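K.L.:
Below are the structure tokens for one structure; questions will follow.
The values are calculated or read from the model by the stated rules, or taken from the named source; none is laboratory data. The structure displayed is predicted, hence computed values, not measured ones. Note: ideal-geometry Cβ built from the backbone for every residue, glycine included; neighbour counts use all protein chains shown.
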Amino acid sequence: MYNEIQKLKKEKDAIILAHFYQSAQVKEAADYVGDSFELAKKAKSSSSGTIVFCGVKFMAESAKLLNPQKTVLLAESTAGCPMADMLKAEDIIRLRAKYPKAAVVLYINSSVEAKAQSDVCCTSSNAAKIIKKLPNKQIIFLPDKNLGSYIARFTDKEIILFDGYCHVHDKITIDDLIKAKQAYPKALVAVHPECRAEIVDAADFCGSTSQIISYAALSNAKEFIIGTEQGVIDVLEKNHSDKKFYPLSDNFICPNMKKTLLEDVRNCLKYNLNSIEIEPSVFDNAAKSLELMMELAK
Ligand code: 13P
Ligand code: SF4
């Protein structure tokens, strides 16, 4: 299967991008594995005519918005992000009317329609930086209330939150953390900001998937409890055979991220399946918000 994918990639002038949460098998087939921001940057800088995205829909849509001239294929067409589906464009319009002076900062985990209503997108790795660079004193941050309240720790600006969340991260409780710490008392705890505030408070480190991976790489510690989707642990174990990594919960799995199989990667390349097409009426505004993120995150 890997050989066939390699051959198809050459024939189709394609690059395969995969998020850290993908299965180990799929990550093995990828040319580049990264967090949401790194994947968006890679999609933009790649010279290949086709991008095969192994992740969820909003990631492939972002790649398309940043590369209108390229073909973007989502390896598994039904892989979505339930948090992105929690926010409708109308919610942003309503909040804007209520807070007319506020800038709308939108987590990239959102629909194209929501992006078209926003001022600037962000990911968990650049949200604080972007908010700092905006002139507005009031920020409407959505959809993730957990990431929004984490970011609020780094600014004096007023952050207006929306009631969205990631069901995979938000379900992790302080009891899960206490149990993991009891089982592995020497381990440092690194968590994603999509976790609840009490989990972040009790952790040694909080950051994006990529930042968690760098933290574990640079630390002298030998054991880590990882508070994000278990795909990050495959990467850490591959990179550091001298260190031990434990999931914060046995149930820390994003079902949507795990939908993509190696066969899907092969099939989408072979038959040009699941090409991302974006409604022209929202394309330009959504692309503008993402382009501004790329600019402000520099
Ligand atoms: P990262 O930007 O940290 O990769 O996170 C993406 C995501 O979907 C987290 O659930
Ligand atoms: Fe969406 Fe959560 Fe899955 Fe990330 S882990 S893709 S935020 S459901």
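K.L.:
Scan the range 44-72 residue by residue and report those that are within 14 Å of ligand 2 (Cβ to nearest atom), farther than 19 Å from Phe283 by Cβ and out of contact with any strand residue (DSSP E or B) (no Cβ under 7 Å at 6 or more places or on another chain).
P.N.:
Val56
K.L.:
Looking at Ser45, is it free of Cβ contacts under 8 Å to residues at least 12 places away in the same chain and among the hydroxyl-bearing types (Ser, Thr, Tyr)?
P.N.:
Considered against the rule, which asks whether it is free of Cβ contacts under 8 Å to residues at least 12 places away in the same chain and among the hydroxyl-bearing types (Ser, Thr, Tyr), Ser45 comes out as yes.
K.L.:
So, one more: Any residue at all in the range 73-86 that's part of a strand (DSSP E or B), more than 16 Å from ligand 2 (Cβ to nearest atom) and either modelled with pLDDT of 95 or more or within 21 Å of Glu291 (Cα to Cα) (or both)?
P.N.:
The answer is yes, given that some residue of the range 73-86 is part of a strand (DSSP E or B), more than 16 Å from ligand 2 (Cβ to nearest atom) and either modelled with pLDDT of 95 or more or within 21 Å of Glu291 (Cα to Cα) (or both).
K.L.:
Just the residues that are of a type in the set (A, V, I, L, M, F, W, C), touching a Ser or Thr at 6+ places or on another chain (Cβ under 9 Å), in a helix (DSSP H, G or I) and buried (at least 20 other Cβ atoms within 10 Å of the Cβ), please, taken from the range 114-129.
P.N.:
Ala116
K.L.:
When Asp170 is evaluated against the numbered criteria (1) within 16 Å of ligand 2 (Cβ to nearest atom); (2) touching a strand residue (DSSP E or B) at 6+ places or on another chain (Cβ under 7 Å); (3) free of Cβ contacts under 8 Å to residues at least 40 places away in the same chain; (4) not basic (Lys, Arg), which criterion, by number, is the only one it fails?
P.N.:
So Asp170 meets the others, but not (2).
K.L.:
Of everything in the range 245-263 that's aliphatic (A, V, I, L, M) and within 14 Å of ligand 1 (Cβ to nearest atom), which residue is nearest to Gln182 (Cα to Cα)?
P.N.:
Going through the range 245-263, the residues aliphatic (A, V, I, L, M) turn out to be 248, 253, 257, 261-262.
Okay, now just the ones that are also within 14 Å of ligand 1 (Cβ to nearest atom), so 248, 253, 257.
Numbers: Leu248: 11, Ile253: 22, Met257: 29 Å.
Once the filter is applied, the top-ranked residue is Leu248.
K.L.:
Examine the range 233-250 for a residue that is in contact (Cβ under 8 Å) with a residue 60 or more places away in the chain, within 15 Å of ligand 2 (Cβ to nearest atom) and part of a loop (DSSP other than H, G, I, E, B), and state whether such a residue exists.
P.N.:
Scanning the range 233-250 turns up at least one residue that is in contact (Cβ under 8 Å) with a residue 60 or more places away in the chain, within 15 Å of ligand 2 (Cβ to nearest atom) and part of a loop (DSSP other than H, G, I, E, B).
K.L.:
Any residue in the range 276-298 that's over 21 Å from Lys42 (Cβ atoms): show its pairings with residues that are at pLDDT 95 or above and charged (D, E, K, R) at Cβ separation under 7 Å, as long as the two are six or more apart or on different chains.
P.N.:
Filtered contacts from the range 276-298: Val282/Glu113.
K.L.:
Among the residues that make up the range 60-74, is at least one of them within 16 Å of ligand 1 (Cβ to nearest atom) and either of a type in the set (Phe, Trp, Tyr) or over 18 Å from Ile278 (Cα atoms) (or both)?
P.N.:
No, the conditions are met nowhere in the range 60-74.
K.L.:
Same structure, new question: Looking at Ala97, Ala116, which is the one that is away from ligand 1 (no atom under 16 Å from the Cβ), over 16 Å from Ala286 (Cβ atoms) and either touching a His at 6+ places or on another chain (Cβ under 8 Å) or among the hydrophobic types (A, V, I, L, M, F, W, C) (or both)? Spell out the reasoning first.
P.N.:
Working: Ala116 fails: over 16 Å from Ala286 (Cβ atoms).
Selected residue: Ala97, the only one of Ala97, Ala116 that is away from ligand 1 (no atom under 16 Å from the Cβ), over 16 Å from Ala286 (Cβ atoms) and either touching a His at 6+ places or on another chain (Cβ under 8 Å) or among the hydrophobic types (A, V, I, L, M, F, W, C) (or both).
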